[in-house]
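Structure first, then comments.
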Amino acid sequence: GTAGQVLQMNSGATAPEYATASGGGMMEFVTRTAITSNANNVTFSNLEANNYHKFIFQGIDSTDNGGEDFCHQWSSNNGSSWVGSSYYSTLWQTYSAGSSNNTSMTNGSLIRMADGFHTSGTDEGLHGELTISNIGNGQRPFSWWHTVHKADTTNVVRSTVGGSGLMNGDNYNAIKFFMDAGSITGSSYAFITHYKGIIS
């Protein structure tokens with residue numbers, strides 16, 4: 001075989017053969033960003049058009065630990081500037097203590113994915129995933145996610161599920177993750193991994 005090919009069975013199922021991998025909605029690894037020092041944000045640019053993109057979070061924490069929210073914004077110029085309005089979202093959050101709440105946003109300046117970082121500890125932090133669609137095709141982009149993190153001694157575990165949309169259609173090609181206060185804590189446990197899937 002050659003670089004990038006996969007090993008598969010032939011059409012008669014009689015022998016293996018090398019072939020070029022097809023898209024067909026399969027997820028493909030793009031990059032993994034290790035957050036080893038405190039960062040104001042983590043940005044992924046040049047998001048390939050006509051793909052959906054998935055980001056896996058591990059060990060994301062806040063330097064302030066005072067109730068910050070983990071957020072994201074989109075860009076149509078590879079991060080030279082970020083859209084600061086017209087975000088719509090809803091978030092359902094449940095707590096290990098048994099309570100829950102719903103938060104919605106209309107025409108907001110950013111998208112909040114999880115809140116309540118109170119001395120969570122970088123070896124624990126936030127874990128989860130986010131998927132976005134309508135990238136680079138001039139349509140309104142949408143995102144949906146699930147996260148879990150240690151919050152405080154009362155609500156030891158907080159779990160969130162949410163979805164959002166940006167009401168302005170454009171050729172979006174970058175996403176930025178950040179805390180609404182403080183920075184993302186650098187540690188040997190903190191990563192964001194990017195995958196893409198071809199829409200076909």
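The values are calculated or read from the model by the stated rules, or taken from the named source; none is laboratory data. Fair warning: this is a prediction, and the values are worked out from it, not measured in the lab. Neighbour counts run over all protein chains shown; Cβ positions are idealised from the backbone, glycine included. Keep in mind that these areas ignore ligands, DNA and RNA; they rest on the heavy atoms of the full protein, side chains included. Shrake-Rupley method; radii C 1.70, N 1.55, O 1.52, S 1.80 Å.
One table, with the values for the structure above:
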read-out: Every residue from region 55-110 that is in contact with an Asp or Glu (Cβ under 9 Å, 6 or more places away or on another chain), of a type in the set (Val, Ile, Thr) and within 19 Å of Arg158 (Cα to Cα); value: Ile56, Thr103
read-out: Ser80, sole failed condition from (1) touching a strand residue (DSSP E or B) at 6+ places or on another chain (Cβ under 7 Å); (2) closer than 28 Å to Ala34 by Cβ; (3) modelled with pLDDT of 90 or more; value: (1)
read-out: Residues satisfying the stated conditions in region 79-92, i.e. in a strand (DSSP E or B) and either of a type outside the set (S, T, N, Q) or open to solvent by less than 60 Å² (accessible area, probe 1.4 Å) (or both); value: Tyr87, Tyr88, Ser89, Leu91, Trp92
read-out: Wholly within region 93-196, strands (runs of 3 or more DSSP E) carrying at least 1 residues that are of a type outside the set (D, E, K, R) and surrounded by 20 or more Cβ atoms within 10 Å (Cβ to Cβ); value: 111-117, 126-133, 142-150, 157-166, 174-179
read-out: Residue within region 42-57 that is touching a Phe, Trp or Tyr at 6+ places or on another chain (Cβ under 8 Å), at negative phi and open to solvent by 70 Å² or more (accessible area, probe 1.4 Å) present; value: no
read-out: Selection within region 56-78 - under 16 Å from the mean Cα position of the chain (by Cα) and not in a strand (DSSP E or B); value: Asp61
read-out: So Ile60, is it of a type in the set (A, V, I, L, M) and within 13 Å of Gly162 (Cα to Cα); value: no
read-out: Filtered residues of region 1-41 (kept if in a loop (DSSP other than H, G, I, E, B), in contact with a Phe, Trp or Tyr (Cβ under 7 Å, 6 or more places away or on another chain), open to solvent by 70 Å² or more (accessible area, probe 1.4 Å) and under 30 Å from Ser76 (Cα atoms)); value: Asn40
read-out: Test: residue in region 144-165 that is over 18 Å from the mean Cα position of the chain (by Cα), farther than 19 Å from Ser75 by Cα and among the basic types (Lys, Arg); value: yes
